[in-house]
Amino acid sequence: MTEGTPDVAPSGVIPAGFWRRVAAWVIDTIVVLVAVYIFGLYLWPDLVATTTHSSQAGGAQLEVVSYSLTSLGTLVFGLVLGVYTALLESGPGQATLGKRMLRLRVTRLDGGRISPLTAIVRCWPLWLPGLFSTVVGLNFVVGAAAIAACIAVAFTRRKQGLHDMMARCLVVRRPPRVL
């Protein structure tokens, strides 16, 4: 904590809790994952591996087709998730689609909008594991660091993860709408 920085969120601001942030992350991950799969299936086949399993029993034939991301697909997914997050959180809405759905926004410590560079630094737990997903051993270390950075949200007074602290940001609840 630097001198002159309050240990709690600014007055009237409610920090977003751990589970609300997890739910927003799940929504965003699904949105980006579906987009990467669709893009991979129709425009860039190297992103998605297709496997067909066949079985025959009692005169009926059953075929099951499964899809999974390739190593390249995992890398692209991590990069797209990072870019998606950085662009939307540094934009006018200050939130990804998942955060908007849960009435959250990302701010600087003084409540202002974050810059695109700050947003890229802040979302390293999203894009860094994707970059190292194919490097055996290092992928585990980077993944564990990303998880630890995010779990810190549950244990800090201002509900900041390590990535929020590095970027000097807060994730806060939006005030209720006034009708």
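Restricting to the range 92-120, name every residue that is assigned to a helix (DSSP H, G or I) and either touching a Lys or Arg at 6+ places or on another chain (Cβ under 9 Å) or buried (at least 17 other Cβ atoms within 10 Å of the Cβ) (or both).
G98, K99, R100, T118, A119, I120
Looking only at the range 71-91, which residues are part of a helix (DSSP H, G or I) and of a type in the set (S, T, Y)?
S71, T74, Y84, T85
Tell me which residues, restricted to the range 152-174, are surrounded by fewer than 19 Cβ atoms within 10 Å (Cβ to Cβ) and without any contact (Cβ under 8 Å) to a residue 60 or more places away in the chain.
A152, F155, T156, L162, M165, M166
Write out, first by first residue and then by second, each pair whose Cβ atoms fall under 8 Å of each other, whose residues are 6+ apart or on separate chains, and whose first residue, in the range 23-40, is over 14 Å from R100 (Cβ atoms) while the second is surrounded by 18 or more Cβ atoms within 10 Å (Cβ to Cβ) and among the polar types (S, T, N, Q).
Pairs that qualify, where the first residue is over 14 Å from R100 (Cβ atoms) and the partner is surrounded by 18 or more Cβ atoms within 10 Å (Cβ to Cβ) and among the polar types (S, T, N, Q): there are none.
Name every residue in the range 91-116 that is touching a strand residue (DSSP E or B) at 6+ places or on another chain (Cβ under 9 Å) and of a type in the set (A, V, I, L, M, F, W, C), in order of residue number.
A95, L102, L104, V106, L109, I114, listed by residue number.
Please verify whether the range 82-95 includes one or more residues that are within 28 Å of R174 (Cα to Cα), of a type in the set (F, W, Y) and modelled with pLDDT of 90 or more.
yes
Can you pull out the residues in the range 138-168 that are over 16 Å from the mean Cα position of the chain (by Cα) and closer than 16 Å to I120 by Cβ?
M165, M166, R168, listed by residue number.
Among the residues of the range 124-137, is any out of contact with any Ser or Thr (no Cβ under 8 Å at 6 or more places or on another chain) and on the phi > 0 side of the Ramachandran plot?
The answer is yes; a qualifying residue exists.
Determine if the range 51-66 includes at least one residue that is touching a strand residue (DSSP E or B) at 6+ places or on another chain (Cβ under 6 Å) and surrounded by 10 or more Cβ atoms within 10 Å (Cβ to Cβ).
No - not one qualifying residue is present in the range 51-66.
Which residues, counting only those in the range 8-50, are of a type in the set (S, T, N, Q) and either modelled with pLDDT of 90 or more or in a helix (DSSP H, G or I) (or both)?
T29
The values are calculated or read from the model by the stated rules, or taken from the named source; none is laboratory data. The shown structure was predicted, so the numbers you read here are calculated from the model rather than taken from an experiment. Counting neighbours? That spans all protein chains shown, and the Cβs are built from the backbone with ideal geometry, glycine included.
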